[in-house]
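Working notes for the structure below.
The values are calculated or read from the model by the stated rules, or taken from the named source; none is laboratory data. Just so it is clear, the model here is predicted, and its values are computed rather than measured. Cβ: placed from backbone, ideal geometry, glycine included. Neighbour counts: every protein chain shown. Note: accessible area is taken over every heavy atom of the protein model, side chains too, but ligands, DNA and RNA are not part of it. Shrake-Rupley method; radii C 1.70, N 1.55, O 1.52, S 1.80 Å.
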Amino acid sequence: MGIADNVKQILAELPAGVKLVAAAKTKTPQDILEAVEAGIKIVGENYVQEAEAARQIVGSKVEWHFIGHLQRNKVKKAVELFDMIETVDSLEIATEIDKRCGQTGKVMPVLVEINSGWEAQKAGVMPEDALELIKAIAELKNIRVEGLMTMGTATGEAEKLRANFRETKNLFDQVKQLHLPNVDMKYLSMGMTDSYKIAMEEGANMVRIGSKIFGARG
Ligand SMILES: *Cc1c(COP(=O)(O)O)cnc(C)c1O
């Protein structure tokens, strides 16, 4: 099946209320355009440069989400290019986003990335440090925290992933109850090609799917 058929099949099977992010890393702008023409409304990019090239072709009729690891020296560009940054995991990066947004009068919707697999080499804030981080980010006027994002364990074991997603959903509910300023908990971004079904069972309302749309990456 081609990209358009894949998109249509996934969209048909996702429950109402679950947003689909097409994870487009390494794919060409033409591939992304094909996905968009088949119904994709949100494109997820891991690299600022790829997003810049893709945006020139695909344009702003879709939402662009940054889903990669954001380096401080890329924040200025990211703030210009993206409608949401899903991977905020430190006060340092949040402060830089806030500063750059302040310069252009933008308020950036972000998700806080949780390292729910407790894997030392992985991105994301550790679950036990998440509340403190979110309370600190809530002080920043040019950022609005709209939810949480997680990958889950890199081992890919289904039962571990389920536990990771459940833990992240618990955190999501806890943060929501705090009613912090500049925080509006709406999105729980969890699940990829091999895990989105488990993630939705555990409360995900945003899934990031790459290979099931675009085929395997080279
Ligand atoms: C690549 C990627 C995805 C999609 O992964 P697939 O297994 O290809 O569906 C989702 N989220 C992030 C952060 C990614 O980097």
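Kindly identify the chain as rounded, prolate or oblate by the Cα gyration tensor criterion: order the square roots of the eigenvalues as a ≥ b ≥ c, call it rounded if a/c is under 1.5, otherwise compare a/b with b/c, prolate if a/b is larger, else oblate. Note, shape of the chain comes out oblate. Along the chain, the exposed loop sites are GluC sites (Glu not before Pro) outside DSSP states H, G, I, E and B with at most 16 other Cβ atoms within 10 Å, and the longest stretch free of them is 1-118. Cross-link pairs exceeding 18 Å in C-alpha to C-alpha distance, out of Lys61/Lys186; Lys8/Lys169; Lys27/Lys197; Lys99/Lys122; Lys99/Lys141, comprise Lys61/Lys186; Lys8/Lys169; Lys27/Lys197; Lys99/Lys122.
Give the carbon-plus-sulfur fraction of the accessible surface of the chain in %, rounded to a whole number; probe 1.4 Å, heavy atoms of protein chains only. Intermediate results must be reported in sequence, preceding the final value.
Values: 4920 of 10060 Å².
Accessible surface attributable to carbon and sulfur in the chain totals 49 percent.
Loop-located trypsin sites (Lys or Arg not before Pro) in segment 1-50 (DSSP state other than H, G, I, E, B) with a sparse environment of at most 14 neighbouring Cβ atoms within 10 Å: Lys41. Each label was represented as a point 7 Å from its Cα along the Cα-to-Cβ direction; for Asp173 and Lys61 these points are 4.1 nm apart.
Given a cut-off of under 8 Å on Cα pairs at least six residues apart, what relative contact order in percent is computed for segment 120-184? The value is 43 percent. Cα centroids of segment 171-210 and segment 1-44: 19 Å apart. Accessible surface computed residue by residue for segment 3-211, with neighbouring protein chains in place and a 1.4 Å probe, gives 45 Å² per residue. Working from Cα pairs under 8 Å separated by at least six residues, relative contact order for the chain is 19 percent.
For the chain, a simple Cβ point-charge model (Lys and Arg +1, Asp and Glu -1, everything else neutral) yields a dipole of about 440 debye relative to the Cα centre. Placing pseudo-labels 7 Å out from each Cα toward the beta carbon at Glu128 and Asn182 gives an inter-label distance of 2.7 nm. Relative contact order (percent) for segment 44-96, with alpha-carbon contacts under 8 angstrom and 6 or more residues of separation? With pairs under 8 Å counted, the relative contact order is 38 percent. For the chain, build the charge dipole from Cβ charges (+1 Lys, Arg; -1 Asp, Glu) around the Cα centre, then report which of Leu14, Asn142, Ser211 sits farthest towards its positive end. Projecting each Cα onto the dipole axis, the largest value belongs to Asn142.
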